[in-house]
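Participant: Sharing a structure, written as structure tokens. Questions coming.
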Amino acid sequence: MTEIDLGIPDREVRVAIAAARFNRFITDQLLEGAQDALRRHGVDADRVTVAWVPGAFELPLAAEQLLATGRFDAVIALGAVIRGGTPHFDYVAGECSRGLLDVGLKHGKPALFGVLTTDTVEQALERAAVDQGNKGFDVALAALQMIHLADEVRDHE
């Protein structure tokens, strides 16, 4: 039996981050966390590209365009969708999630969902806090683990 463990790639990787400007006061914190995780795990800043989009609904298209270049090992989508009094939340969050899944499957590369979907601004701020469980940090670490998994699977063929 062969077991492939999650780890960090042992090669230089290129990562794209698509970040939503809507609720930027939250997205900025997620971006800071993601960049911190990448830096701590050996990804040089010049190997990370950040692409800003208007909102979470546009993240799948940005991810598609970034991965289609062939220059990136993964794309991380960051944003915050906060529930309001209309069904807008459900459409945006659901379509963003599904779109990123489709992009990742199409390209065979990680397209990670780092979009907070919360009921309140306070909940979003908690999940974006740099000093206590930043979800941008978590999703960047997941991106590195998925790149490592892809490398290991390819090497074991």
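Participant: Please specify each residue of the range 95-141 satisfying the condition of being in a loop (DSSP other than H, G, I, E, B) and surrounded by 20 or more Cβ atoms within 10 Å (Cβ to Cβ).
Facilitator: Passing the criteria: K109, P110, N134.
Participant: Kindly indicate whether any position in the range 61-70 is of a type in the set (S, T, N, Q) and over 30 Å from T2 (Cβ atoms).
Facilitator: Yes.
Participant: For the range 39-55, state whether one or more residues are surrounded by fewer than 22 Cβ atoms within 10 Å (Cβ to Cβ), on the phi > 0 side of the Ramachandran plot and free of Cβ contacts under 8 Å to residues at least 40 places away in the same chain.
Facilitator: So far as the range 39-55 goes, yes, one or more of its residues are surrounded by fewer than 22 Cβ atoms within 10 Å (Cβ to Cβ), on the phi > 0 side of the Ramachandran plot and free of Cβ contacts under 8 Å to residues at least 40 places away in the same chain.
Participant: Can you tell me which residues in the range 50-87 are part of a helix (DSSP H, G or I) and small (G, A, S)?
Facilitator: A56, A62, A63, A68
Participant: Out of A77, A20, A68, I need the residue that is under 20 Å from L149 (Cβ atoms) and either surrounded by fewer than 15 Cβ atoms within 10 Å (Cβ to Cβ) or within 15 Å of the chain's Cα centre (by Cα) (or both). Which one?
Facilitator: A77
Participant: Further question on the same structure: Can you report the number of residues in the range 14-49 which are in contact with a Leu (Cβ under 7 Å, 6 or more places away or on another chain) and either outside any strand (DSSP E or B) or of a type in the set (K, R) (or both)?
Facilitator: Matching residues across the range 14-49 total 7.
Participant: Of the conditions (1) farther than 22 Å from H41 by Cβ; (2) polar (S, T, N, Q); (3) assigned to a helix (DSSP H, G or I), Q145 clears all except one; give me its number.
Facilitator: Result: Q145 fails condition (1) only.
Participant: From the list D5, D10, D90, exactly one residue is among the acidic types (D, E), assigned to a helix (DSSP H, G or I) and on the phi < 0 side of the Ramachandran plot. Which is it?
Facilitator: D90
Residues checked against (1) of a type in the set (A, V, I, L, M, F, W, C); (2) in contact with a Lys or Arg (Cβ under 6 Å, 6 or more places away or on another chain); (3) modelled with pLDDT of 95 or more:
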position	(1), (2), (3)
L105	yes, no, yes
F113	yes, no, yes
Q132	no, no, no
G136	no, no, yes
V139	yes, no, yes
V153	yes, no, no
E157	no, no, no
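Participant: Here's something else I'd like to know. List pairs: first residue in the range 1-27 and under 14 Å from V153 (Cα atoms) and in contact (Cβ under 8 Å) with a residue 12 or more places away in the chain, second residue of a type in the set (G, A, S) and assigned to a helix (DSSP H, G or I) anywhere in the structure, Cβ distance under 8 angstrom, at least six positions apart or on different chains.
Facilitator: none
Participant: Could you figure out which of (1) outside any helix (DSSP H, G or I); (2) surrounded by fewer than 20 Cβ atoms within 10 Å (Cβ to Cβ) isn't true of R154?
Facilitator: (1)
The values are calculated or read from the model by the stated rules, or taken from the named source; none is laboratory data. No experiment lies behind these values; they were computed from the predicted model shown. Backbone-built Cβ (ideal geometry, glycine too); neighbour counts: all protein chains shown.
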